[in-house]
Each structure stands twice: as C-alpha cells, then as structure tokens.
1. Is the C-alpha gyration tensor of segment 127-168 telling us rounded, prolate or oblate? Criteria: a/c under 1.5 is rounded; beyond that, a/b larger than b/c is prolate, otherwise oblate.
2. Would you mind checking which residues have amide H under 5 Å from Met137's amide H? H placed 1.01 Å from N; only 5 or more apart, or other chain.
3. Using Cα atoms only, what is the angle between the long axis of helix 139-156 and the major principal axis of the chain, expressed in degrees (0 to 90) to the nearest 10?
4. Probe 1.4 Å, all protein chains in place: accessible area of Val225 in Å², nearest 10?
5. Let me spell out the model: positive unit charges on the Cβ of Lys and Arg, negative unit charges on the Cβ of Asp and Glu, origin at the Cα centre of the chain. What dipole size does that give, in debye rounded to 20?
6. Would you check the accessible area of Leu106, probe 1.4 Å, heavy atoms only, in square angstrom rounded to 10?
7. What pairs in Lys175/Lys202; Lys157/Lys233; Lys157/Lys202; Lys141/Lys175; Lys175/Lys274; Lys175/Lys203 have C-alpha atoms more than 22 Å from each other?
8. Does anyone have the angle between helix 54-73 and the longest principal axis of the chain? Alpha-carbon axes, 0 to 90°, nearest 10?
Amino acid sequence: MKNNDRIYVRLLLEFLFFILMALYLMFTIQWHPLNYLWFMIVVVLSLFSFMNTLLAALVSSIIVVFGYSTYILIQIFMLQTIAEITFNDLVWLISFPVAAFVAAYLGEEVQRMVNSINQYENKYEDLVWVDEVTGFMNRRKFQLEWQEEVQRSIRYKRNVTVLLMEIEYFDQFQKEYGYEQTNVLLKKVAEHVDEVLRSIDKKYYFADGIFAGILPETEIGNIEVVMNRMEEKFDKIEVNRANRKRKVKLNLKFGSAGCPADGTDPDELYDQAKQGLMQYVK
C-alpha cells in the first residue's frame, strides 16, 4: 500500500472512531454525565499522540487508563456508589488506548509524508542548482551568489574577485573525443579546480567548457597566482581515445574582475571578467 493510501485509511479510521464516540456520548450522556469529561480526555489524548511518537502515545494512554481504573476503584471500595464495572467503563477503558494508537500511527504517516516531500524538494533544488557532471553549482546559482558576494564586499569593505576559466577549443574536443570522454575531462578539470581554489571559494560550471569561481577575501592583484597554479594542474590531464590513454595539453583562457578595485556593480564586474576571457592572450 502506498504512503498516501495508508494516510487516507488511517485518517478514515480516526474520523470513524470519533464519530462513533460522539454518537455514544450523545446516547449515554443522560445516564453517565461524566462521559463529557472522558470524551474530552480522548480528544486531548489523540492530539497529544498525533504530535508525538507511538511510544509516547502508548505511555500516555496507560497513564490515562490507570487513572480511570483508579477512579473506578475509588467508586467501588471507598465511596461504594457502584458495585461493579459497567459497560460504559469498558468502553472508555478500550477507547483511551485505541485513540492513542490510531492517532500516533496517523501522525507517523503524516511525518513520513512531510519528510518525503522535503527530500523531493532537496533533490529538486540540487537538480536546479547543481551541474550533474562536475558537481559544481551552475550559472543560475552563480548569478544569485555573485550579487550577494558583491553586496557583502561593499557592506563590510572586503575584497572579492570573480574568476572565469574557459577550455580553449572545447567544441572541437567534444567532436573528436565524444560525449563520454568529454565528461571525463570535465570531471578531472573540476577536481583540479577544487584542489587549487580554497574551501571558502565557490566553484561553478556554466557549460561549454566554462568554469567560474568566486573568491572572497581575494584582491584582484593576487589572481595571477591562482591562474598559474591552474595551468600547472591541467598539464597532467589524460583522456582515453581508441582504447589508449593520451595526455592532453589544455589551453585555458582566464578573465577576472575584483570588487571594489574594478567597480561595485555585479553585472558590470561580470561583463568585465567575460570581456577579459574573450581577449585573453597567454
């Protein structure tokens, strides 16, 4: 049975249970005035059980049953107002644990459904923001976070630099080596980018062989060091072609811009870095 079906079944059982108890209250109230009180205890017990675990529900129902049993014993042995346990007493003694059990199971099913929805939302968010091949955030996420980083840089008077990296002749590489080896290449490049950039730096992949990084607390004058380390890493990349490994020399193009040194407008800074990427000469 599917999760939704189980929820509907248990919700129906809970609804039918309260209907039956309400009808029983209506038909017996004139002979048992305290049934109003017992019915309210059932309602409170059900709400408590729904919001807690099954164990807590069972413990609370045991406490209520013990309290009701104590009330009956007081009536019999101390007040001597009744001589035996009546059918009405049996109804409430059974109703307390049943109410707790059904409500607790309904609450658990609802919680499972909520958890499943949260998991689906997290997976959907990953699909929206994360590039599947590299594991880096995509262009949409970059645009949001770049805006935030520039605003933070202005607010706290700190440096932040955007670095763009493009694999030269990426389209030709795709045609020559194919889809599978292109993905292998991108994963290896992503690994090297992750090694070179710091843990506080944010990494992105835009598609078509273009990577990006947001480097907080980094002046634009220090970006040359990062670029040199990138090129050293990429000299070691190898890919397969026709069942043999081949060392591929990657030529990278770079573009960068820093805030506040080059400006404070996020879009203009990105355009500047993109222009530098297009005009890059090693």
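The values are calculated or read from the model by the stated rules, or taken from the named source; none is laboratory data. Note that the structure is predicted; figures quoted are calculated from it, not measured. Note that each Cβ is placed from the backbone with ideal geometry, even for glycine, and that neighbours are counted across all protein chains shown. For accessibility, only protein heavy atoms count, side chains too; no ligands or nucleic acids. Shrake-Rupley method; radii C 1.70, N 1.55, O 1.52, S 1.80 Å.
1. Since a/c reaches 1.5 but b/c is at least a/b, the shape of segment 127-168 is classed as oblate.
2. Asp131, Lys203, Tyr205
3. The answer is roughly 90 degrees.
4. Around 90 Å² of this residue is reachable by solvent.
5. Charge dipole of the chain: 660 debye, to the nearest 20.
6. 10 Å²
7. Lys175/Lys202; Lys157/Lys233; Lys141/Lys175; Lys175/Lys274; Lys175/Lys203
8. 10 degrees
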